[in-house]
1. Working carefully through the options Arg134, Arg158, Arg130, find the one that is basic (Lys, Arg) and open to solvent by less than 70 Å² (accessible area, probe 1.4 Å).
2. Which strands (runs of 3 or more DSSP E) does region 106-192 wholly contain that include 1 or more residues that are among the hydroxyl-bearing types (Ser, Thr, Tyr)?
3. Within region 10-33, does at least one residue satisfy the condition of being assigned to a strand (DSSP E or B) and either under 20 Å from the mean Cα position of the chain (by Cα) or of a type in the set (A, V, I, L, M) (or both)?
4. Could you check region 46-63 and list, in sequence order, the residues that are under 18 Å from the mean Cα position of the chain (by Cα) and within 13 Å of Trp30 (Cβ to Cβ)?
5. If you go through region 61-80 one residue at a time, do you hit one that is open to solvent by less than 60 Å² (accessible area, probe 1.4 Å), within 26 Å of Leu184 (Cβ to Cβ), assigned to a loop (DSSP other than H, G, I, E, B) and touching a Pro at 6+ places or on another chain (Cβ under 7 Å)?
6. Note down all Cβ pairs under 8 Å where the first residue falls in region 11-27 and is closer than 17 Å to Asp60 by Cβ, the second is of a type in the set (D, E, K, R) and open to solvent by less than 50 Å² (accessible area, probe 1.4 Å), and they're at least six residues apart or on different chains.
7. Select from region 1-31 the residues that are within 23 Å of Thr53 (Cα to Cα), polar (S, T, N, Q) and surrounded by fewer than 14 Cβ atoms within 10 Å (Cβ to Cβ) and list them in ascending order.
8. Within region 174-192, can you find the residues that are closer than 18 Å to Leu104 by Cα, open to solvent by 90 Å² or more (accessible area, probe 1.4 Å) and either over 18 Å from the mean Cα position of the chain (by Cα) or in contact (Cβ under 8 Å) with a residue 40 or more places away in the chain (or both)?
Amino acid sequence: MKLIYGVAFNSKGVHRATHASRRTTAYLVWCNILRRCYDSTFKRTHSTYRDCTVCEEWHDFQNFAEWYTNHDYYGLGYDVDKDLLIQGNKLYSPETCSLVPQELNKLLTDRKAARGKYPQGVTLDKHSGRFMVRISIDGRNKNIGRFSSPEVAHKVYREAKESYVKVKAKQWRDRIAPEVFEALMSWTLPQE
């Protein structure tokens, strides 16, 4: 049996890796999760996945596909999320993962490597020398204000971000699992 990334395999059960000469969605999602966890090149350029792993049960595509295709929100293009239900989680497993709309999943992304030396949501306004807070609202950047220190600015950003996540959770309430809704309603911006 051929191993994928040296750990995973397809035991050839009811779930197919290909259909009509194309990879199935379940197989592509599974391979992408494996890539995040076991591809050393990917992990070098995406440091947030450095310590991530996949549970042994999901090393077999058949087990992952069973969970994925039987999920209430399967077929809607939702992302498999590993750290909403348990903040900071690094394990992909049936107990820790959920299906989350991409809009909500992106909302929770830190992008630490791309943001520079200031806390999340904070940039230095070079003209005024003050620290500016911006938040993305429905895909558009909204300026919240300028503040005297990065710490004060980050506190304002934290409050705005946590409030906005709750607004979005309420908008999606009927289209996400109850545990996803609850996790979003209690979500807090991770401490730096």
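1. On the way: Arg134 fails: open to solvent by less than 70 Å² (accessible area, probe 1.4 Å); Arg130 fails: open to solvent by less than 70 Å² (accessible area, probe 1.4 Å).
Of Arg134, Arg158, Arg130, the one residue that is basic (Lys, Arg) and open to solvent by less than 70 Å² (accessible area, probe 1.4 Å) is Arg158.
2. On the way: elements: 122-125, 130-137, 140-147.
Where strands (runs of 3 or more DSSP E) fall fully within region 106-192 and carry at least 1 residues being among the hydroxyl-bearing types (Ser, Thr, Tyr), they are 122-125, 130-137.
3. The first filter runs over region 10-33 and keeps only residues assigned to a strand (DSSP E or B), leaving 18-19, 22-23.
If we keep only those that are either under 20 Å from the mean Cα position of the chain (by Cα) or of a type in the set (A, V, I, L, M) (or both) as well, we get none.
No, every residue in region 10-33 fails to be assigned to a strand (DSSP E or B) and either under 20 Å from the mean Cα position of the chain (by Cα) or of a type in the set (A, V, I, L, M) (or both).
4. Pass one, region 46-63, residues under 18 Å from the mean Cα position of the chain (by Cα): 46-55.
Val54, Cys55, listed by residue number.
5. Looking through region 61-80, at least one residue is open to solvent by less than 60 Å² (accessible area, probe 1.4 Å), within 26 Å of Leu184 (Cβ to Cβ), assigned to a loop (DSSP other than H, G, I, E, B) and touching a Pro at 6+ places or on another chain (Cβ under 7 Å).
6. Here the result reads Ser11/Asp60, each pair linking region 11-27 to a residue that is of a type in the set (D, E, K, R) and open to solvent by less than 50 Å² (accessible area, probe 1.4 Å).
7. Correct list: Ser11 only.
8. Those that are closer than 18 Å to Leu104 by Cα, open to solvent by 90 Å² or more (accessible area, probe 1.4 Å) and either over 18 Å from the mean Cα position of the chain (by Cα) or in contact (Cβ under 8 Å) with a residue 40 or more places away in the chain (or both): Asp174, Arg175, Glu179.
The values are calculated or read from the model by the stated rules, or taken from the named source; none is laboratory data. Please read these numbers as outputs of a predicted model, since none were measured by experiment. In this analysis, Cβ positions are derived from the backbone assuming ideal geometry, glycine residues included, and neighbour counts consider all displayed protein chains. Ligands, DNA and RNA are excluded from the accessible area calculation, which covers all protein heavy atoms including side chains. Shrake-Rupley method; radii C 1.70, N 1.55, O 1.52, S 1.80 Å.
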